[in-house]
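Report on the structure given below.
The values are calculated or read from the model by the stated rules, or taken from the named source; none is laboratory data. Note that the coordinates shown come from a computational prediction; the quantities given were computed from them, not determined experimentally. All Cβ positions, glycine included, derive from the backbone under ideal geometry; neighbour counts span all protein chains shown.
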Amino acid sequence: MPQREPMSSVDRSWLMMDNPTNRMVINGFWVFAEPVEYERVLAVLQERLLVYRRFRQRISESGGPLSRAFWEDDPHFDIRAHLHHIGLPAPGDKTALQELMAELIVQPLEHSRPLWDFYIIDGYGRGNVLFGRIHHCIGDGAALVQVLLSLTDAQPDGVFDGGPQRRRSRSWNPLRPLLKGASKALNNAVQLGGGLVSAGLESLSKPEQLLELVGEGGRVAGQVTGVLAKLALMPGDEQTVFRGELGVAKRVAWSEAISLDDVKLVKNVMGATVNDVLVAALTGSLRAYLLGRGEALDGKEIRAMVPVNIRGGAASSELGNKFALVYLALPVGVADPMDRLFAVKKRMDEIKASPEALITYQILSGVGRTPGDLATLITRYFATKASAVLTNVPGPQQKLYFAGKSFDKMVFWVPQSGSIGMGLSIYSYAGEVTIGVITDEKRVPDPDRIVEGFVDEFNRLLALARLPEAEENARRSRRVSTRSTGAQTGVQEIPIQSEQTPEEAIAELLGQLRTAQDDPEPHRCTALTKAGTRCRNRRSEGIEFCRLHRTTR
């Protein structure tokens, strides 16, 4: 019998959540301008990925009502069975790539062998794509990012330096302050974990019994009790088009990259964090999408389930799941972009001061120790509290190489559990930020509208952040113009048309901003269709209409 080791209860909870409508698989891809070669990729995976034992191990489970799961070496392991080489169907564009990935994402991973697969996809532009799928029970997003980075080099001819021990430097985590506020409650939360789930689903369905359990014997500090009360009494999330019956088919999309320097400019001007700015832009995009689907949003908010890394800096290269989940209310009912940003910041600050993450980690651990049917019911209970999973994973800030070729883009999609039908992933790489969106086709058949809206909403925040700079540059221009007869100066001026005064340039910028605020989807053509609805095509550059309606005007 192959040597085996017990799977942790938290890792097992993610294995048990897997179902046909929501695969518990983390999916992502790299885009190469020059194609990588199959044999070179195979050699890199052989040398660098397989130093992590999990990628050579399969799962075995014991039977009975108290079944357990184990990791064991796959005696028939063949790395070529995990690296596939396929072609992208014509016309080989972004739409074709999205459709192919949507088909691959819904496929189950074979449990008789290690739970991962990679695909080299040829025919995308002049290069190709490396698409990876790794089951969540192997590791969380923070752990798997470190694994994937261990496959890369800073130079085309980089030399491998040993695998799991590399890159142990402390990586930036936008929610790290959470751990400072929660650390005092850790011992109490640990004590709570087993007792909470052993009380069973009955406690979860009857909040008053759960509260009695929490207070029993004075084992739990007041702040922990407050969090448990919040989780027990929290109603289901707002009913919108994001919630409802799920199917098997998925849709995927990713945004055009935005500059991380621009994000930092907004956060510095607004007194927020990078994470606040990105989440606020994404919230604005969700608002625009819901309005476009006819939802009434005044005063409403929807919740996202947010994974929070609870690893120490020295443990960043370890596999397994060392993260917790918190609920973040997204103020989609707030129309003004600045008000929305400050509302997001307020909610994020409240999370950072709460022990909620450490408590939910213990709940996940308890789920992994319960029988399958009960674990499924508990998972569904918590999934009803949110409309999406939202994660932000900071990546390396320099271009990297894999198998001797540089890659220009990194995108990934976070899995969703239970009845949640949308995953929102924010990732930064080489000074740029990209979001990936995966949706259930029944709920959101057009996730491209969300990623386009994200870029639009961020540009609104950026325009607001630049207003003070524009006004100051205009004042400087006026001072220079009164002292100069046309001689060149070193003063930086606001870009204006030759016939514009600085005041007119400022007025034009403000007018554009007001127009953007009035139109929740400024990237769309303004023409009406024969049915009387707004055209869904993108505008042609510089005009209000798409290419089709431009020719009919």
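Table for the structure above
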| item | result |
| --- | --- |
| Test result for SER60, polar (S, T, N, Q), surrounded by fewer than 13 Cβ atoms within 10 Å (Cβ to Cβ) and in contact (Cβ under 8 Å) with a residue 40 or more places away in the chain | no |
| Considering residues of the stretch 7-22 that are among the aliphatic types (A, V, I, L, M) and in a loop (DSSP other than H, G, I, E, B) only, the residue farthest from ARG68 (Cα to Cα) | MET17 |
| Residues of the stretch 240-276 classified as under 26 Å from ARG443 (Cα atoms) and among the β-branched types (Val, Ile, Thr), total | 4 |
| Extreme residue, farthest from VAL147 (Cα to Cα), among residues of the stretch 431-445 that are touching a helix residue (DSSP H, G or I) at 6+ places or on another chain (Cβ under 9 Å) and surrounded by fewer than 21 Cβ atoms within 10 Å (Cβ to Cβ) | GLU441 |
| Residue, farthest from GLY158 (Cα to Cα), within the stretch 45-73, restricted to residues that are aliphatic (A, V, I, L, M) and within 27 Å of the chain's Cα centre (by Cα) | LEU50 |
| Meets criteria (in contact with a Pro (Cβ under 7 Å, 6 or more places away or on another chain) and modelled with pLDDT of 95 or more) for ASP456 | yes |
| Residue in the stretch 289-299 that is part of a helix (DSSP H, G or I) and of a type outside the set (A, V, I, L, M) present | yes |
| Residues satisfying the stated conditions in the stretch 109-131, i.e. under 21 Å from ARG40 (Cβ atoms) and polar (S, T, N, Q) | ASN128 |
| Meets criteria (touching a His at 6+ places or on another chain (Cβ under 8 Å), crowded, with 18+ Cβ neighbours inside 10 Å, over 26 Å from SER9 (Cα atoms) and not hydroxyl-bearing (Ser, Thr, Tyr)) for PHE131 | no |
| Residue satisfying condition, being part of a helix (DSSP H, G or I) and either at pLDDT 95 or above or over 23 Å from LEU45 (Cβ atoms) (or both), within set ARG80, ARG58 | ARG80 |
| Pick from the stretch 290-309, criterion surrounded by 17 or more Cβ atoms within 10 Å (Cβ to Cβ) and over 14 Å from PHE242 (Cα atoms), ranking: modelled with the lowest pLDDT | ASN309 |
| Qualifying positions in the stretch 12-34 - more than 22 Å from the chain's Cα centre (by Cα) and surrounded by fewer than 18 Cβ atoms within 10 Å (Cβ to Cβ) | ALA33, GLU34 |
| Residue within the stretch 104-113 that is at pLDDT 95 or above and outside any loop (DSSP other than H, G, I, E, B) present | yes |
| Count of the stretch 83-101 residues which are of a type in the set (Val, Ile, Thr) and part of a helix (DSSP H, G or I) | 1 |
| Scan of the stretch 258-273 for residues that are in contact with a strand residue (DSSP E or B) (Cβ under 8 Å, 6 or more places away or on another chain) and either crowded, with 20+ Cβ neighbours inside 10 Å or part of a helix (DSSP H, G or I) (or both), ordered by number | ILE258, LEU260, VAL263 |
| Yes/no for THR391 being within 10 Å of the chain's Cα centre (by Cα), among the polar types (S, T, N, Q) and closer than 18 Å to ASN309 by Cβ | yes |
| Residues of the stretch 130-160 satisfying the condition of being assigned to a strand (DSSP E or B) and not aliphatic (A, V, I, L, M) | PHE131, GLY132, ARG133, HIS135, GLY139, ASP153 |
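Results for (1) among the hydroxyl-bearing types (Ser, Thr, Tyr); (2) at pLDDT 65 or above, shown as yes or no for each residue.
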| residue | (1), (2) |
| --- | --- |
| LEU330 | no, yes |
| PRO337 | no, yes |
| VAL367 | no, no |
| THR376 | yes, no |
| PRO396 | no, yes |
| LYS409 | no, yes |
